[in-house]
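These notes concern the structure reproduced below.
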Amino acid sequence: MDHARRPLRWLFDRAEAALGTIFPPAWNPLVNLGALGFFFYWIITASGIYVYIFFDTGVHQAFDSVEYMTHEQWYLAGVMRSLHRYASDGLVVVMLLHLLREWSLDRYRGVRWFSWIIGVPILVLVYVAGITGYWLVWDRLAQYVAIVSTEWLDQLPFFAEPVARNFLAPDALESRFFTLMIFMHIAVPLITLVLLWVHLQRITKPRINPPRGLMVGAFLSLLALSLVHPALSQGPADLARVPGTLQLDWFYLGLYPLLEHLPGPLTWGAAATLLIILLAMPWLPPLRKPAVARVDLGNCNGCARCAADCPYAAIAMVGRSDGLPFSAEAQVDPSLCVACGICAGACPTAMPFRRASALVPGIDLPELTIAALREEVERVGRALPRDAPRVLVFGCRHGVPLDGLRGAVALACTGQLPPSFIDYVLSKDLAEGVLLTGCREAACYNRFGIDWTKARLAGSRDPQLRRRVPRERVRTIWAGRLGAARLAAAVAEFQRDLATAAPLPRPAAPAPHHLAASDA
């Protein structure tokens with residue numbers, strides 16, 4: 001499966017890098033797809049409420065009421081109709097891109113299966129809402145959509161009478177049909193909103209609103225499109241005539257020519273197969289689940305930093321069970337933990353200076369322990385040649401591939417690194433400089449790894465980088481998977497700057513404090 005994901009992941013990386021030359025990192029549309037979807041939903045809701053005020057559900061009045069909005073009140077109702085249309089198209093685009101991006105990043109299996117499964121009916125309901133909206137206009141396109149849709153539905157043995165018979169003659173259609181359509185067009189989005197809320201239940205601090213600048217830019221783009229190319233009807237529906245040449249909305253109606261010309265059993269079979277595949281994808285194949293974070297109560301003081309920093313709400317603070325004089329202890333939910341290691345990076349007992357006792361922090365990753373990380377840091381640092389200023393690179397497995405890069409130490413996520421390791425590298429003369437790298441900025445695979453790392457270095461989040469560490473000897477570059485050249489250039493530039501820097505003082509190593517929060 002990864003062979004299929006890799007080319008798509010490469011395309012998203014390229015597109016993200018290209019957009020990164022236009023937008024600030026936090027504004028990059030590809031890292032705000034979910035938030036943009038919510039933003040488009042609110043535009044659709046607000047514009048839909050205004051349009052509904054002027055809409056008439058009568059068979060002969062529906063088209064005329066839409067025409068009134070489009071031409072006579074074009075400056076407001078017409079703009080609202082166009083915003084409703086283009087925001088709906090935008091919602092489909094960002095949803096499909098979001099689905100493909102999460103699949104390419106392999107963020108749909110394991111603990112993420114729940115959000116994926118809920119996302120599938122959300123996608124279906126968005127299409128249902130959009131298609132019923134086209135019926136309400138009751139122009140020639142609506143007539144075409146109604147006929148093809150009902151003939152397709154009639155292939156199922158669920159209806160006592162063929163639904164398509166309502167569209168065979170002008171006198172067969174009644175106004176109550178439009179009442180039913182308007183009810184569906186309102187009810188389906190409300191159901192979708194509930195599912196969107198469920199979709200986010202296993203996501204800590206979900207990004208619901210895009211950055212303000214991106215939000216304003218997206219809205220102004222939709223408004224400009226609505227003014228330059230307003231949504232127009234395609235002539236009144238006439239059930240006595242077959243619709244001729246039509247302009248389809250390919251975002252919602254792209255498959256309608258296939259539904260019209262292919263046999264119903266084939267199209268229903270294909271739709272059912274696609275739906276089953278989408279629902280089964282989190283287990284095709286099942287994700288090899290890494291060993292989850294492990295709590296050592298003998299070193300856990302219940303500070304709750306791991307719970308606060310976990311991006312997946314996999315850690316809860318519960319009552320103490322071992323009799324130690326602390327109010328709480330960390331408890332890991334194996335069904336939510338993805339083994340990103342951010343919790344270990346947050347633990348105040350993850351101190352590489354500890355020698356009097358075994359380096360076992362309050363919470364750790366079994367497959368890449370803090371003790372094993374210290375050993376790897378020492379091995380890599382001692383192997384660095386001294387013919388140039390030494391730079392030790394810490395990077396995550398989702399960023400630039402570190403295989404073959406001299407002086408590199410791989411982490412599950414950059415957020416796994418306790419800031420005290422930077423102090424350790426410099427004070428133990430393992431390198432003259434430390435460089436942190438990982439995913440592209442604002443696009444952390446584990447959501448908060450970059451944010452928490454930057455906050456720890458800046459001293460705004462515990463555990464903080466000690467003030468005694470020279471900041472000019474610590475650098476970050478969030479290069480992403482395709483940033484090997486950027487990383488190499490950053491290392492070379494760092495070495496040149498270190499060559500002219502003042503000598504690095506070598507402070508004595510601090511005495512180990514087994515459980516003191518100040519050790520961060």
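The values are calculated or read from the model by the stated rules, or taken from the named source; none is laboratory data. Remember, predicted model here, so these are calculated numbers, not experimental data. Neighbour counts are summed over all protein chains in view; Cβ atoms, including those assigned to glycine, are modelled from backbone coordinates with ideal geometry. Just the protein is used for accessible areas: all its heavy atoms, side chains included, with ligands, DNA and RNA removed. Shrake-Rupley method; radii C 1.70, N 1.55, O 1.52, S 1.80 Å.
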Within region 361-379, track down each residue that is open to solvent by 60 Å² or more (accessible area, probe 1.4 Å) and either under 14 Å from V295 (Cα atoms) or in contact with a helix residue (DSSP H, G or I) (Cβ under 8 Å, 6 or more places away or on another chain) (or both). E367
Scan region 215-251 for residues that are in contact with an Asp or Glu (Cβ under 8 Å, 6 or more places away or on another chain) and within 18 Å of L36 (Cβ to Cβ) and report the count. 1
From G217, G235, residue being open to solvent by less than 80 Å² (accessible area, probe 1.4 Å) and at positive phi: G235
Can P210 be described as at pLDDT 90 or above, in a loop (DSSP other than H, G, I, E, B) and not polar (S, T, N, Q)? yes
Any idea which residue in region 329-346 is most open to solvent (accessible area, probe 1.4 Å), counting only those that are modelled with pLDDT under 95 and more than 10 Å from A293 (Cα to Cα)? S335
Subset of region 115-124, residues surrounded by fewer than 18 Cβ atoms within 10 Å (Cβ to Cβ) and in contact with a Pro (Cβ under 9 Å, 6 or more places away or on another chain), comes to I117
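Residues L97, L125: which one is at pLDDT 95 or above, closer than 22 Å to H398 by Cβ and in contact with a Leu (Cβ under 8 Å, 6 or more places away or on another chain)? Before you say what the answer is, go through the steps one by one.
Details: L125 fails: closer than 22 Å to H398 by Cβ.
Checking each option against the conditions leaves just L97.
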Would you pick out the residues in region 82-105 that are out of contact with any helix residue (DSSP H, G or I) (no Cβ under 6 Å at 6 or more places or on another chain), surrounded by fewer than 20 Cβ atoms within 10 Å (Cβ to Cβ) and under 30 Å from E67 (Cα atoms)? V93
In this structure, is I22 of a type in the set (V, I, T) and open to solvent by less than 30 Å² (accessible area, probe 1.4 Å)? no
Residue count for region 137-160, restricted to those that are part of a helix (DSSP H, G or I) and open to solvent by 20 Å² or more (accessible area, probe 1.4 Å): 7
When you scan region 1-111 for helices (runs of 4 or more DSSP H) that lie fully inside it, which ones turn up with 1 or more residues that are among the basic types (K, R)? 2-20, 79-104
Near pairs, Cβ below 6 angstrom, 6+ apart or cross-chain, from region 145-167 (more than 21 Å from G254 (Cβ to Cβ)) to any residue that is among the aliphatic types (A, V, I, L, M) and in a helix (DSSP H, G or I): D154/V163; D154/A164; V163/L153; N166/A172; F167/A146; F167/I147
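A quick yes/no check of all residues on (1) more than 19 Å from V491 (Cα to Cα); (2) touching a Leu at 6+ places or on another chain (Cβ under 6 Å); (3) not in a helix (DSSP H, G or I):
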| position | (1), (2), (3) |
| --- | --- |
| S357 | yes, no, yes |
| P361 | yes, no, yes |
| E378 | yes, no, no |
| V400 | no, yes, yes |
| D429 | no, no, yes |
| L435 | no, no, yes |
Any idea which of Y108, Y134 is buried (at least 17 other Cβ atoms within 10 Å of the Cβ) and closer than 18 Å to Q247 by Cα? Y134
Could you name every one of the helices (runs of 4 or more DSSP H) located completely within region 234-325 that has at least 3 residues being in contact (Cβ under 8 Å) with a residue 40 or more places away in the chain, more than 30 Å from D89 (Cβ to Cβ) and β-branched (V, I, T)? none
Only listed residue being open to solvent by less than 50 Å² (accessible area, probe 1.4 Å), under 19 Å from F39 (Cα atoms) and not basic (K, R), chosen from V198, V163: V198
Looking at (1) at pLDDT 95 or above; (2) open to solvent by 10 Å² or more (accessible area, probe 1.4 Å); (3) within 28 Å of A26 (Cβ to Cβ), which is the only condition L402 fails? (1)
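Yes/no per residue for (1) buried (at least 22 other Cβ atoms within 10 Å of the Cβ); (2) at pLDDT 95 or above; (3) assigned to a loop (DSSP other than H, G, I, E, B); (4) of a type in the set (A, V, I, L, M):
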site: G415; (1), (2), (3), (4): yes, yes, no, no
site: K454; (1), (2), (3), (4): no, yes, no, no
site: L457; (1), (2), (3), (4): no, yes, no, yes
site: E493; (1), (2), (3), (4): no, yes, no, no
site: P510; (1), (2), (3), (4): no, no, yes, no
site: H514; (1), (2), (3), (4): no, no, yes, no
Those residues of region 380-394 which are out of contact with any Gly (no Cβ under 6 Å at 6 or more places or on another chain) and either crowded, with 24+ Cβ neighbours inside 10 Å or outside the structural domain of A455 (by TED's automatic domain parsing) (or both), in sequence order: F394
